[in-house]
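The values are calculated or read from the model by the stated rules, or taken from the named source; none is laboratory data. These numbers come from a predicted model, not from an experiment. All Cβ positions, glycine included, derive from the backbone under ideal geometry; neighbour counts span all protein chains shown.
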Amino acid sequence: MNAVLEQISKIGIVPVVKIDRAEDALPLAKALCAGGLPCAEVTFRTDAAAQAIKIMVDNFPDMCVGAGTVLNTAQVDAAVDAGAKFIVSPGLNPNTVKYCIEKGVPVTPGTSSPSDIEMAIELGLDVVKFFPAEQSGGLAKIKAMAAPYVNMKFMPTGGINAKNLTSYLDFPKIIACGGSWMVPGDLINAGEWDKIEQLTREAVQTMLGFELGHVGINAENEEEAKKAAARFSFIFGLPAKDGNSSIFAGSAVEVMKSPYLGKNGHIAIRTNYIERAINYLESVLGVEFNAESEKRDAKGALKAIYLKEEIGGFAVHLVQK
């Protein structure tokens, strides 16, 4: 998959924005980045689109800015000249797709049927937009179409919102979802950037779904670990489960048989999508991770990783739900 599309996959949500006034581009970009989504698909439905893209790219060079509703090669040129890193179209126009490929810019054309997907495969694409998503059959149709086209991935847009976002993203053939619920046109036109930032932050938190997994306690030795776990089990009725390096009391308390990371122990935070969580925490909040602490499953998927810092004497690690 193209590097830009890989970046979009790590972000997880592509805000689809319609900008009527170019001067709104800068505060909108600030709000999106501050809210945790350094990404935007600026639709070519207004005369301000190209200038808006240029303003965003010039002021936020690390932001992944692309052009949407691109219908012809002239709009491709205008978008690329403005600095767009990717092109999105509502349908699959072979001429536009071929032109993007020739220019070396990633393109995700709109599809809604197996015939569309086969045309995309013929053109050499491995990621397509699914549009309009909900109106075209939603997640059920994507899953049905994905079955025979094993190498194709999707970026659904249309009817995606906070309520159905994670159900789409849970399907591994979906790299990201496009949506406009965090950037409604009335808020953009009214210049309510604080509200857009808040909606963006809420969208990110909904996607990542951070929640407390368990608390780990550092015991001095195995005997002390057994005593502590037994006490939690007795008082709170939590079943004890003895493991190689620790003893769990229920699922909320882990007692280490010997001191591990953290002065006092560790805290596990569960997340829906650990790779996206890492990308958000690193790129938006500047959090650093201890790469040596990675734990992966037999297929190589990341399951857990520790932050470099301790908080309140506790090491902290992310855990994939």
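What is the residue count in the range 174-198 for residues that are crowded, with 17+ Cβ neighbours inside 10 Å and either basic (Lys, Arg) or part of a helix (DSSP H, G or I) (or both)?
5
Output the number of residues of the range 46-68 satisfying the condition of being more than 14 Å from residue 81 (Cα to Cα), touching a strand residue (DSSP E or B) at 6+ places or on another chain (Cβ under 8 Å) and not hydrophobic (A, V, I, L, M, F, W, C).
Total satisfying the criteria: 1.
Under 7 Å between Cβ atoms, which residue pairs at least 6 apart in sequence (or on different chains) link something in the range 187-213 that is touching a residue at least 12 places away in the same chain (Cβ under 8 Å) and farther than 16 Å from residue 284 by Cα with a partner that is part of a helix (DSSP H, G or I) and among the small types (Gly, Ala, Ser)?
193/31; 196/31
Can you find, within the range 155-173, the residue that is surrounded by the most Cβ atoms within 10 Å (Cβ to Cβ) among those that are part of a strand (DSSP E or B) and under 14 Å from the mean Cα position of the chain (by Cα)? Working first, answer last.
So in the range 155-173, the residues part of a strand (DSSP E or B) come out as 155-157.
Next, only the ones that are under 14 Å from the mean Cα position of the chain (by Cα) stay: 155-156.
Details: 155: 25, 156: 28.
Taking the candidates together, the pick is 156.
Do we find a residue being part of a strand (DSSP E or B) and under 16 Å from residue 206 (Cα atoms) anywhere in the range 270-277?
yes
From the list 183, 204, pick out the single residue that is touching a Ser or Thr at 6+ places or on another chain (Cβ under 8 Å), at pLDDT 95 or above and either more than 14 Å from residue 133 (Cα to Cα) or in the same structural domain as residue 272 (by TED's automatic domain parsing) (or both). Spell out the reasoning first.
On the way: 204 fails: touching a Ser or Thr at 6+ places or on another chain (Cβ under 8 Å).
Every option except 183 fails the conditions.
Scanning the range 67-91 for residues that are in contact with a helix residue (DSSP H, G or I) (Cβ under 7 Å, 6 or more places away or on another chain) and buried (at least 23 other Cβ atoms within 10 Å of the Cβ), which turns out farthest from residue 52 (Cα to Cα)?
89
Going by the structure shown, is residue 277 touching a residue at least 12 places away in the same chain (Cβ under 8 Å), over 16 Å from residue 214 (Cα atoms) and surrounded by 19 or more Cβ atoms within 10 Å (Cβ to Cβ)? Write out each step before concluding.
Values: touching a residue at least 12 places away in the same chain (Cβ under 8 Å): yes; over 16 Å from residue 214 (Cα atoms): yes; surrounded by 19 or more Cβ atoms within 10 Å (Cβ to Cβ): yes.
For residue 277, the condition - touching a residue at least 12 places away in the same chain (Cβ under 8 Å), over 16 Å from residue 214 (Cα atoms) and surrounded by 19 or more Cβ atoms within 10 Å (Cβ to Cβ) - is met.
From the list 48, 82, 78, pick out the single residue that is over 20 Å from residue 100 (Cα atoms), without any contact (Cβ under 8 Å) to a residue 40 or more places away in the chain and not β-branched (Val, Ile, Thr).
Working: 82 fails: over 20 Å from residue 100 (Cα atoms); 78 fails: over 20 Å from residue 100 (Cα atoms).
Of the residues listed, the single one that is over 20 Å from residue 100 (Cα atoms), without any contact (Cβ under 8 Å) to a residue 40 or more places away in the chain and not β-branched (Val, Ile, Thr) is 48.
Output the qualifying pairs, or none if there are none: Cβ atoms under 7 angstrom, residues six or more apart or on different chains, first residue in the range 93-114 and in the same structural domain as residue 146 (by TED's automatic domain parsing) and part of a helix (DSSP H, G or I), second residue buried (at least 18 other Cβ atoms within 10 Å of the Cβ) and of a type in the set (Ser, Thr, Tyr).
96/89
Of all residues in the range 280-293, which are assigned to a strand (DSSP E or B) and loosely packed, with under 13 Cβ neighbours inside 10 Å? So that I can check it myself, show each step before the final result.
Step one: of the range 280-293, the residues assigned to a strand (DSSP E or B) are 289-293.
291, 292, listed by residue number.
Within the range 8-24, which residues are under 23 Å from the mean Cα position of the chain (by Cα) and either surrounded by fewer than 19 Cβ atoms within 10 Å (Cβ to Cβ) or over 16 Å from residue 67 (Cα atoms) (or both)?
Matches in the range 8-24: 9, 10, 11, 12.
Which one of these is basic (Lys, Arg) and modelled with pLDDT of 95 or more: 295, 299?
Exactly one of 295, 299 is basic (Lys, Arg) and modelled with pLDDT of 95 or more, namely 295.
Any idea how many residues of the range 25-66 are crowded, with 17+ Cβ neighbours inside 10 Å, part of a helix (DSSP H, G or I) and among the hydrophobic types (A, V, I, L, M, F, W, C)?
14
State yes or no: is residue 135 in contact (Cβ under 8 Å) with a residue 12 or more places away in the chain, touching a Gly at 6+ places or on another chain (Cβ under 7 Å) and in a helix (DSSP H, G or I)? Break it down into steps so the answer makes sense when it comes.
Details: in contact (Cβ under 8 Å) with a residue 12 or more places away in the chain: yes; touching a Gly at 6+ places or on another chain (Cβ under 7 Å): yes; in a helix (DSSP H, G or I): yes.
Yes; evaluated as a whole, the condition is true for this residue.
For the range 250-260, which positions are farther than 16 Å from residue 223 by Cβ and either free of Cβ contacts under 8 Å to residues at least 12 places away in the same chain or among the hydrophobic types (A, V, I, L, M, F, W, C) (or both)? If you could, list the steps in order and put the result at the bottom.
Looking only at the range 250-260, we keep the residues that are farther than 16 Å from residue 223 by Cβ, and these are 250-254, 260.
Listed by number, the residues that qualify are 252, 253.
Could you list, in sequence order, all residues of the range 145-182 that are in contact (Cβ under 8 Å) with a residue 60 or more places away in the chain and either of a type outside the set (Val, Ile, Thr) or farther than 16 Å from residue 207 by Cα (or both)? Steps first, please.
Let us first name the residues in the range 145-182 that are in contact (Cβ under 8 Å) with a residue 60 or more places away in the chain, namely 153, 155, 157, 165-166, 169-170, 175-180, 182.
Listed by number, the residues that qualify are 153, 155, 165, 169, 170, 176, 177, 178, 179, 180, 182.
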